[in-house]
1. Could you please let me know if residue A:67 is more than 17 Å from the chain's Cα centre (by Cα), within 14 Å of chain B (Cβ to nearest Cβ) and among the polar types (S, T, N, Q)?
2. Given the conditions (1) touching a strand residue (DSSP E or B) at 6+ places or on another chain (Cβ under 6 Å); (2) within 24 Å of residue B:369 (Cα to Cα); (3) away from chain A (no Cβ under 14 Å), report the number of the one that residue B:23 does not fulfil.
3. Conditions first: (1) closer than 26 Å to residue B:514 by Cα; (2) of a type in the set (A, V, I, L, M); (3) away from chain B (no Cβ under 14 Å); (4) touching a Ser or Thr at 6+ places or on another chain (Cβ under 7 Å). Residue A:82 passes all but one, so which condition is the exception?
4. Being more than 14 Å from chain B (Cβ to nearest Cβ) and more than 15 Å from residue B:52 (Cβ to Cβ): is that true of residue A:128 here?
5. Which fully enclosed helices (runs of 4 or more DSSP H) of the range A:148-233 have 1 or more residues being in contact with a Ser or Thr (Cβ under 9 Å, 6 or more places away or on another chain), modelled with pLDDT of 95 or more and β-branched (Val, Ile, Thr)?
6. Taking the range B:573-584 only, how many residues are surrounded by fewer than 10 Cβ atoms within 10 Å (Cβ to Cβ) and of a type in the set (A, V, I, L, M)?
7. Which residue pairs have Cβ atoms under 9 Å apart, sit 6 or more places apart or on different chains, and have a first residue in the range B:86-97 that is assigned by TED's automatic domain parsing to the domain that holds residue B:111 and a second that is among the aromatic types (Phe, Trp, Tyr)?
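The values are calculated or read from the model by the stated rules, or taken from the named source; none is laboratory data. None of the values given here were measured: they were computed from a predicted structure. Glycine also receives a Cβ, built like all others from the backbone with ideal geometry; neighbour counts cover every protein chain displayed.
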Amino acid sequence: MSKIKFSVDGRECFGKPGQTILEAARDNGVYIPSLCRYEGLKPTGSCRICTVRVGGRYMAACTQPLSEGITVENTAPDLEDMRRAMIEMLFVGGNHMCPTCEKSGNCELQALAYRYQMLVPRFPYQFPLRTIDPTGPKLLVDHNRCIKCHRCVAMVKTKDGKSVFGPLYRSKRKKIGADLTLAAGLTDDQAKKAMDHCPVGAILKKEIGFAVPIGRRTYDKAPIGSDVETPRT
Amino acid sequence: MSTKAPLDSLLARHGKDPSGLIEILRDVQAALGSIPPEAVAKIAARLGLSRVDVEGVATFYHFFTARPAGTYAVYLNKNVVAEMKGRAEVARAFEKAAGCRFGETTADGLIGLHETSCIGMNDQEPSALINGVVFTRLTPARVRELVAGMKAGKETGKLVKKTGDGANQSRLVRAMVDNNIRKPGPVILAPFKSGAAVRKAVTWTPEDVVAEIKRSNLLGRGGAGFPTGLKWEFCGREACPPRYVVANADEGEPGTFKDRVILTELPHLLFEGMTIAGYAIGAREGILYLRAEYAYLKPRLEKVLADLRAQKLLGKAIAGKKGFAFDITIKLGAGAYVCGEESALLESAEGKRGAPRPRPPFPVQNGYLGLPTTVNNVETLCAAARILERGAGWFKTLGTPKSAGTKLLSVSGDCRKPGVYEVEFGLTINRLLEMAGGRDAQAVQVGGPSGTCVARGQFERRIGFEDLPTGGSIIVIGPQRDLFDVVRNFMDFFIEESCGWCTACRVGNTLLRQKFEKITSGKGTRQDLKEIEAWGKTIKAMSRCGLGQTSPNPILTTLLNFREKYEARVDATRDYVSTFDLEAAVRDAAAVTGQTLAEARHE
């Protein structure tokens, strides 16, 4: 198979045709932070955290196809600061109270905030008024925590391919809604998957909580990106 | 009221293809005055969609409402030029006469008052759409008359007293809109004999047609300036027909209305341009995506299409060319600025939410229904037809070396002669202001809110891709205006029109607006000036589509060109100004406990 040569922050890399920048970088041990992306689902480019700079232009590494000879900037300080700004925007744009969240330690937004050493966001908290909706007999959706990544929209489908979740409204009023009739038909397994696919604690399975204690969860053990990244020396 | 019977018969008139969802929702909204939950459920069942899919589309577009919009649904433009022309008094008159506030519907459900983004009538503001009918140059007295007519149960169309000029008088339009053509030009606003361009085009090979457009250096007239010939070439090269031609008639940039004039006076030229594009790329179908605000033109546009079919300029064997078949259908939007972005437009044309797609793949590869599609601006397609008729050489004699041809400018605001001007590229702002009667302007907004705010000292700058590119919106800002009011209006527009897909645009614009308010209310420091600039640049860099990539421009370009106005609002001697308002913080508590504010503050 033909190889595509490219570089990330000066490091020579090789990728395969049909790969995105993010996928090719990962195969070369380069971690490009991302949040809305989920392996196996079509990338939506909604969180913008995987933004890289190629030839002075900004693009989402999760949707941008790799091309021959490109020079990718991934860790330039100004770029990293803008990514951090996206993480901070997600924090101030919702209501994220990590200490009381079922997803703490498994939450990718929290894990990225740790990676970017976010202490206090530069932006003022918006404290939007959001609801917590019972969504069928198995799920609970806490809109305070939703970051509109669209993972649930793409993943949670009925047998005949209908969407259980979907985007509603536009602008800052945008929210992820659910078809309650279809949500009522979700199996236990589907409900668990829906919760596991949610990068934050917005989709929660009812009647179970804190089964794994905080301190023993995914990102309590190893920081986000460490599965990809060649250890930095 | 039971809505069952009319809903069923209404749905029966439509097919079961989800790409027709917006047409169905438009019909339901028109018939029932809202899109109630039972309609959502029935539509979802009929189209094989989930309810949340239908609700997602119904809540995306401005002209769809979950609650009754009123038997007479009034949509008053909230554009900045409307503000300049007395919108506030008109709005108050509506509220007083109707007896409800904006955002509400009267208790009897008769009149609903709503605000809306630019409706393309900047040359005749304040204006409003009432049940889709355009009312221009509103005054408080006229508003009282209109509301009296509504209370008397008059048909909306009958409330129009006098029609405008030209085809606005046509039986199929009957709109009180004026064309306001102030300066005709050689390319678009010129005499054109229907068929002249397409008859010539079909004597050439499609490749030669593309080559001629490439030779003309025609650049996209929507503002982005992509070479039209190249777009057609890319699209024609894509292997899998069918291919599509889409005319983007969703001019939503506040201040632009030039396509309104083309659609009113020169629809045959536009359709001919689409037909030539179809011939060039090998498409059999074209779609005119018409913004909802211009739905009043649709009956006449349909008639023009029928006439063209009768003249063998559409349909099979066009202009006698065997094997060349092409036809055009019209699809209406439902109120969303972002649908002017070509990939969002395609989503909308497919009956979905108007959220832009990731690019690449570009529409020439993956367009309407995933098929190769060329999306061109209305004015671009008209220019293409004229280039075929008169030749690329002729076209290039007009304009500048890098910006060939002419541009239609929609001029509005503080000038004596607002309207449409066809000018050669390279024209200075000074010369334009002279023509339009706005020489005392303090600033000119070129390219609408997403463009550049040009200061008085820079009026020798030129319209063109090498200096000031524009889709055509020119807003003249007179010396009496507070420039910050303009910026505020533009920012509110972007906040409202964001599709909400990506973080930077959905969250960032509101944060930027708050920072702007902090500075302009006198509570900013020099640090805030640095931060607002940095935040604006971050939003531009991190946004997914052209909306977010330009939404900080009202702030960034005024910060660049009117720095002194911002500097004057910050206290350079202080590093910190508290924004905490104690009075506001204790107001609710004081009201609940029956204390005075002083008592609540423990004074």
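1. On the way: more than 17 Å from the chain's Cα centre (by Cα): yes; within 14 Å of chain B (Cβ to nearest Cβ): yes; among the polar types (S, T, N, Q): yes.
Against the criterion (more than 17 Å from the chain's Cα centre (by Cα), within 14 Å of chain B (Cβ to nearest Cβ) and among the polar types (S, T, N, Q)), residue A:67 qualifies.
2. For residue B:23, the failing item is (1).
3. Evaluating residue A:82 over (1) closer than 26 Å to residue B:514 by Cα; (2) of a type in the set (A, V, I, L, M); (3) away from chain B (no Cβ under 14 Å); (4) touching a Ser or Thr at 6+ places or on another chain (Cβ under 7 Å) leaves (3) as the failure.
4. Working: more than 14 Å from chain B (Cβ to nearest Cβ): no; more than 15 Å from residue B:52 (Cβ to Cβ): yes.
Taking the combined requirement at face value, the residue does not satisfy it.
5. Those helices (runs of 4 or more DSSP H) span A:151-155.
6. So the first thing to find is which residues in the range B:573-584 are surrounded by fewer than 10 Cβ atoms within 10 Å (Cβ to Cβ), and the list is B:573, B:575-576, B:578, B:580, B:584.
The next check asks that each one be of a type in the set (A, V, I, L, M); those that pass are B:584.
Within the range B:573-584, residues that are surrounded by fewer than 10 Cβ atoms within 10 Å (Cβ to Cβ) and of a type in the set (A, V, I, L, M) number 1.
7. Filtered contacts from the range B:86-97: B:91/B:102; B:94/B:102; B:95/B:102.
Listed here are the residues, each with its yes/no results for (1) crowded, with 23+ Cβ neighbours inside 10 Å; (2) in contact with a Pro (Cβ under 8 Å, 6 or more places away or on another chain); (3) aliphatic (A, V, I, L, M).
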site	(1), (2), (3)
A:39	no, no, no
A:42	no, no, no
A:45	yes, yes, no
A:49	yes, yes, yes
A:52	yes, no, yes
A:58	no, no, no
A:61	yes, no, yes
A:68	no, no, no
A:75	no, no, no
